[in-house]
Amino acid sequence: MRDRLLIFSGLFLFVAGVTFPMWQGIAAKTSTKEPDLQLPANQTACVAPRSYMRAAHMQLLIDWREGAVREHRLRYNAYDGKSYKVSLTNTCLGQCHGSKEKFCDRCHSYVAVSAPYCWDCHQDASATAATTAAATAAGRTP
Amino acid sequence: MKITRKDFLRLAGGSVLVAGSGNLVKAISAAAQPSSTVPGSKNIAAGGSTARRWGMAIDFEKCRKGCDDCIRACRLTHNIPQIPDPAHEVKWIWEEPYEKVFPFQRTDYGRQDLAGSRVPVLCNHCADPPCVRVCPTQATWKRGDGIVMMDYHRCIGCRYCMAACPYGSRSFNWFDPRPYIKPLNPQLPTRTKGVVEKCNFCEERLADGLLPACVEACKEKALVFGNLNDEDSAVRQALRVRYAVQRQPELGTGPSVFYLI
Amino acid sequence: MYMLDKAMAGSCRYWSWMAFLLLLAAVGFVCYCRQLSYGLGITGMSRDVNWGIYVAQFTFFVGIAASAVMVVLPYYLHDVKQFGRITILGEFLAIAAVIMCMLFIFVDMGQPMRVFYVLLYPTLHSMMFWDMIALSGYLLLNAAISSAVLGCEYKRVPPPRWLRPVVLFSIPWAISIHTVTAFLYNGLPGRPLWFTAILAPRFLASAFASGPALLILLCLLLRRLTSFDAGNEVIRRLGIIVAYAMTVNVFFLLVELFTALYSHAPDHGEALKYLFVGLEGKHPLAPYMWLSAGMAGAALVALLVPSFRKNQRVLALASVLVFVSLWLEKGMGLIVAGFVPSPLGAVTTYAPTAPELGIVLGVWATGALVLTVFYKITISIREAS
């Protein structure tokens, strides 16, 4: 067994590499912390039960999208009777969740989900407001 | 049970084909009934006068030379990028010389006051749009109220609709438009690279009971908007008293935009 | 698939050729990555000329794909026994051409990740939907036919009984793929250059001229480079097919010119004028169109005079002339000029940019790669038997 050294060192490197995410997370103390979501300040109920939203908010968004764009269904009647205007920027963010960065991204980056390309077109109202505010403060027209 | 690799692959391929063809059969049977993504299409086909048909009349006599209020209003409302290179322009409503818009109206000894004037052009929201006919994914379709809609989520960017439009009304996003949008209207989405866009008669404003941005912005009231199927609407009244032309009516597209001579 | 190992054993020359093609394909791939990240603005297309060399190449190679029918039909329907040796070459050429077509369409999409929406949301009134169905079906048909034929040659058994009806079915299907492609263009009332019923016959005629011309060149090349010899009789007959098809094609073009020039109707004439003479002083395509016309004329002389056509060197030259002439006319002229003048009378010049040409080269190289692999397998199997 001349190769014992080679075999065991290779095995060690392999196991270390494969388990790298685990012990790197432990060392950085990030995995035990839950994502720090900033919940909406002025709303108590969500458009749908929390468990449904956790599991299927993307499905809800797609239903909203197809309904609003293709079938002109512009209002959504929630399970608790409230009516919401169907709009990602103005209702989801503007009326309730405020900031994409402080709400949506927190969970998405925690579970390493890359958000779909919604944000190539739809705007994050708070980010735009911040840019506008900064521009106005600097004396430039936005 | 021993199965060879060849047989397994054949089985797998065959299953995929069968599953896919099921979709095709569904589509053919769905096409027999009016599509649910084209609500109100029955109304349009029957020419029902109870259905709304949005239309616009543009008044040559009132449209002021050198004014671009309608164009600016459209751009600011809808986050339309201002791209300096004309090859990659995005425009929903813009101006063209009269001779280019109506090349076969021009006669050598016709009305001289129209020569050299600039005419606003936009999507005509045709009654029988060639662009809708050719779109392979129904990313553009004719809504029950006459508006030819765009779904930017569905568009694959093949630009077939742009080739089909006889009026050159459609623009493509050749690259990311965001850097060219100043100022950004935060209430409305922008578009992304790789999709086609065009005037949508401000359908989101119409849903809130407002007039299209260009119509509202025109200080001379040269743009008249309304329901073409309603005899008492402003646009029908204007069409009753003035002679109106359309762009290339001989193509059978049935434009909803009229030009009052 | 079990025959792919035949493509893995080859001479130094074979591997150099494969390496060269892979290099071109890699260049194309890098250019495509740049296009994917920046957008189609990296090409020379514009708001007025929104289809360019990608769609033009797609149109041309659908013709090449359809032309396999010109060897399949005589053999399966009219017992022209000599074509039996090369139907497989025609079918493999069709497969490579269809793959190139699909690649050209893919690289032309603004949102390529959504390309399957054409199948997810079938739109029966859109010709593009039917084009996808027709091309996919043609690919499957030819794949099934050629793998069955080759497999049976390899195992030295007669072909299966389902082969003949499937081949007969592929004949009208081949006609239909190019007809549907023509229907993409000639149903558009706003584009006068394309809005003519003769577009579909023109497409078919040019396909049946350029495809067999390419096949002649491939047969001559294979004879020089490998042990495969299609035989002089095959080459002679292919030459006759090219002669007739090219004559019909030129006739159709002259008929179009007459309609436009005699009627003086501005719609018909303007795009043709832009092609050959220019509009508003801009004539970027004119040199290529006159070159194409000159080559077509020379090719016709070489093809229609029997003593010229019988000389294989002259026939080879004529085939090159036919192929290049039709590539210029259909692969560049027809599609780009359809957009000039624009619906608002603008004369916009289109010229492909370097990344665009890189992508085109990459797709060509991919098609050549596929073709080389298939031909290598075929020849290896034929050599072994």
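The values are calculated or read from the model by the stated rules, or taken from the named source; none is laboratory data. All values derive from a computational prediction rather than experimental measurement. Neighbour counts are summed over all protein chains in view; Cβ atoms, including those assigned to glycine, are modelled from backbone coordinates with ideal geometry.
Before moving on, here are some points about what is shown:
- Selection within the range A:96-123 - at pLDDT below 85, buried (at least 16 other Cβ atoms within 10 Å of the Cβ) and among the polar types (S, T, N, Q): A:SER99
- Residue among C:VAL69, C:VAL62, C:VAL55 that is at pLDDT below 95 and either surrounded by 15 or more Cβ atoms within 10 Å (Cβ to Cβ) or in contact with a strand residue (DSSP E or B) (Cβ under 8 Å, 6 or more places away or on another chain) (or both): C:VAL69
- In a residue-by-residue description of the range C:100-113, the property of being part of a helix (DSSP H, G or I) and in contact with a Lys or Arg (Cβ under 9 Å, 6 or more places away or on another chain) applies to at least one position.
- Residues located in the range C:260-285, provided they are part of a helix (DSSP H, G or I) and in contact (Cβ under 8 Å) with a residue 24 or more places away in the chain: C:ASP267, C:HIS268, C:GLU270, C:ALA271, C:LEU272, C:TYR274, C:LEU275
Rundown of residues vs (1) within 14 Å of chain C (Cβ to nearest Cβ); (2) surrounded by 17 or more Cβ atoms within 10 Å (Cβ to Cβ), yes/no style:
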residue: B:ARG170; (1), (2): yes, yes
residue: B:ASP176; (1), (2): yes, yes
residue: B:PRO183; (1), (2): no, no
residue: B:ASP208; (1), (2): no, no
residue: B:ALA217; (1), (2): no, yes
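- Among residues of the range A:52-101, those that are of a type in the set (Gly, Ala, Ser) and within 14 Å of another protein chain (Cβ to nearest Cβ), counted: 6
- Count - residues of the range C:343-364 that are out of contact with any Ser or Thr (no Cβ under 9 Å at 6 or more places or on another chain) and farther than 17 Å from C:GLY331 by Cα: 5
- First in the range C:97-113 and facing chain B (nearest Cβ under 9 Å), second anywhere and β-branched (Val, Ile, Thr) and assigned to a helix (DSSP H, G or I), Cβ under 8 Å, 6 or more apart: C:ILE105/C:VAL55; C:ASP108/C:VAL55
- In the condition set (1) away from chain C (no Cβ under 12 Å); (2) acidic (Asp, Glu); (3) touching a residue at least 24 places away in the same chain (Cβ under 8 Å), B:ASP128 is compliant with all but (1).
- When the test is whether a residue is out of contact with any helix residue (DSSP H, G or I) (no Cβ under 7 Å at 6 or more places or on another chain), under 20 Å from B:LYS62 (Cβ atoms) and in contact (Cβ under 8 Å) with a residue 12 or more places away in the chain, B:ALA213 does not pass it.
- In the range C:146-164 there is no residue that is in contact with a helix residue (DSSP H, G or I) (Cβ under 6 Å, 6 or more places away or on another chain), within 24 Å of C:TRP51 (Cα to Cα) and not aromatic (Phe, Trp, Tyr).
Here is a yes/no grid of residues against (1) of a type in the set (Ser, Thr, Tyr); (2) in contact with a Cys (Cβ under 9 Å, 6 or more places away or on another chain); (3) surrounded by 22 or more Cβ atoms within 10 Å (Cβ to Cβ):
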{"residue": "C:SER11", "(1), (2), (3)": "yes, no, no"}
{"residue": "C:CYS31", "(1), (2), (3)": "no, no, yes"}
{"residue": "C:SER46", "(1), (2), (3)": "yes, no, yes"}
{"residue": "C:LEU73", "(1), (2), (3)": "no, no, no"}
{"residue": "C:LEU89", "(1), (2), (3)": "no, yes, yes"}
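- When the test is whether a residue is within 8 Å of another protein chain (Cβ to nearest Cβ) and either among the hydrophobic types (A, V, I, L, M, F, W, C) or over 15 Å from the mean Cα position of the chain (by Cα) (or both), B:TRP94 does not pass it.
- Within the range C:296-320, the set of residues being surrounded by 21 or more Cβ atoms within 10 Å (Cβ to Cβ) and within 21 Å of C:GLY333 (Cα to Cα) comprises C:ALA296, C:ALA299, C:ALA318, C:SER319.
- Residues being out of contact with any Cys (no Cβ under 9 Å at 6 or more places or on another chain) and either part of a helix (DSSP H, G or I) or facing chain C (nearest Cβ under 8 Å) (or both) - total across the range B:134-153: 1
- Residue that is surrounded by the fewest Cβ atoms within 10 Å (Cβ to Cβ), among those in the range C:341-375 that are within 14 Å of chain B (Cβ to nearest Cβ) and in contact with a Leu (Cβ under 7 Å, 6 or more places away or on another chain): C:VAL347
- The numbered conditions (1) within 19 Å of the chain's Cα centre (by Cα); (2) within 25 Å of B:GLU204 (Cβ to Cβ); (3) part of a loop (DSSP other than H, G, I, E, B); (4) modelled with pLDDT under 85 are all true for A:SER126 except (3).
- Residue among C:LEU222, C:LEU119, C:LEU168 that is in contact with a Phe, Trp or Tyr (Cβ under 9 Å, 6 or more places away or on another chain), outside any loop (DSSP other than H, G, I, E, B), surrounded by fewer than 18 Cβ atoms within 10 Å (Cβ to Cβ) and away from every other protein chain (no Cβ under 14 Å): C:LEU168
- Of the helices (runs of 4 or more DSSP H) lying entirely inside the range C:286-385, those containing at least 3 residues that are among the hydrophobic types (A, V, I, L, M, F, W, C) and within 30 Å of B:LYS100 (Cα to Cα) span C:286-304.
- Residue within the range C:276-293 that is crowded, with 18+ Cβ neighbours inside 10 Å, within 22 Å of the chain's Cα centre (by Cα) and under 16 Å from C:ALA209 (Cβ atoms) present: yes
- Per the conditions (1) in contact (Cβ under 8 Å) with a residue 40 or more places away in the chain; (2) farther than 27 Å from B:GLU99 by Cα; (3) of a type in the set (Val, Ile, Thr); (4) at the interface with chain C (Cβ under 9 Å from one of its Cβ atoms), the sole criterion not satisfied by B:THR253 is (2).
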